[in-house]
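Structure first, then comments.
The values are calculated or read from the model by the stated rules, or taken from the named source; none is laboratory data. Remember, predicted model here, so these are calculated numbers, not experimental data. Cβ placement follows ideal geometry from the backbone for every residue including glycine, while neighbour counts extend to all protein chains displayed.
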Amino acid sequence: MEGIQLLIAASTGLGLAAASGFRVFLPPFLMAVWVRLGFLDVSIEGTEFEAFSSDVSILLLAVASLSEIMAYKIPWMDNMLDSLATPMAGLAGVSVVAVSMEGADPSIQWALAIIAGGGASLSIQSATVAGRGLSSMFTLGLANPFFSLFEDFTSILLILLALLAPLLALTASLMLIFVILRRKMQETVDYPAIKLGRQST
């Protein structure tokens, strides 16, 4: 795997990793279906990922995806689920990038999987956790199901882009991560200033 094929594989993986920051199980599930149907240009037969697109894996991922989507429609339960979803999102991000880049140089494959895949999914997951926390605080959880629907829609959109238009998915994912990181940096800069202002009064 080299050149444009490597770029497309990495773009697909990163798009799916970003989607994992919104929904942990949905991106691996749809990716497994895509691989099983032969629509994704990756061969995992005889590799450590061979079971990824098996009947059992697809069934388990389907049940997990549906359960996750439904559970996040229950206010306050969604906040408890976030504590479990955060580390799982990182694992999902690493996994989808690693699978999409199967056949590439292992050092490149796993470096991108861990750094880019895990980093993308965890960055977005942390932003959704913060957003849900604010929603729970200011609306007593009443707006959380609508917030969850937004996450569902965004995850599905990123998944479709990753599978059908990988380069577009890469662009969208990088823009999204940039916005999140910029906002976090701004909050880091603003917080000491606010604290200093309170102390002076």
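Worth a mention:
- Condition met for S95 (closer than 12 Å to G13 by Cβ, buried (at least 19 other Cβ atoms within 10 Å of the Cβ) and among the polar types (S, T, N, Q)): yes
- In the set (1) in contact with a Ser or Thr (Cβ under 8 Å, 6 or more places away or on another chain); (2) within 29 Å of A71 (Cβ to Cβ); (3) in a loop (DSSP other than H, G, I, E, B), the condition left unmet by A19 is number (3).
- Checking each residue in the stretch 48-106 for being among the acidic types (D, E) and under 21 Å from A162 (Cβ atoms) picks out E68, E102.
- Tally of residues being closer than 24 Å to Y72 by Cα and surrounded by fewer than 17 Cβ atoms within 10 Å (Cβ to Cβ) across the stretch 153-176: 4
- Residue match in the stretch 14-32 (condition: among the aliphatic types (A, V, I, L, M) and farther than 20 Å from G117 by Cβ): no
- Applying a threshold of 7 Å to beta carbon distances and a minimum spacing of six or more residues, or different chains, the list of pairs starting in the stretch 141-160 at a residue that is closer than 22 Å to A92 by Cβ and ending at one that is of a type in the set (S, T, N, Q) and surrounded by fewer than 20 Cβ atoms within 10 Å (Cβ to Cβ) reads N144/S136.
- Qualifying position, being within 19 Å of A19 (Cα to Cα) and modelled with pLDDT of 90 or more, among L84, L37, L61: L61
- Residues that are within 18 Å of the chain's Cα centre (by Cα) and of a type in the set (A, V, I, L, M, F, W, C) within the stretch 71-98 comprise A71, L81, L84, A85, M88, A89, L91, A92, V94, V96, V97, A98, listed in sequence order.
- Residue satisfying all of: in the stretch 35-51; within 22 Å of the chain's Cα centre (by Cα) and within 19 Å of L6 (Cα to Cα); surrounded by the most Cβ atoms within 10 Å (Cβ to Cβ) among these: V42
- For the stretch 2-37, the set of residues classified as in contact (Cβ under 8 Å) with a residue 40 or more places away in the chain and either on the phi > 0 side of the Ramachandran plot or of a type in the set (K, R) (or both) consists of R23 only.
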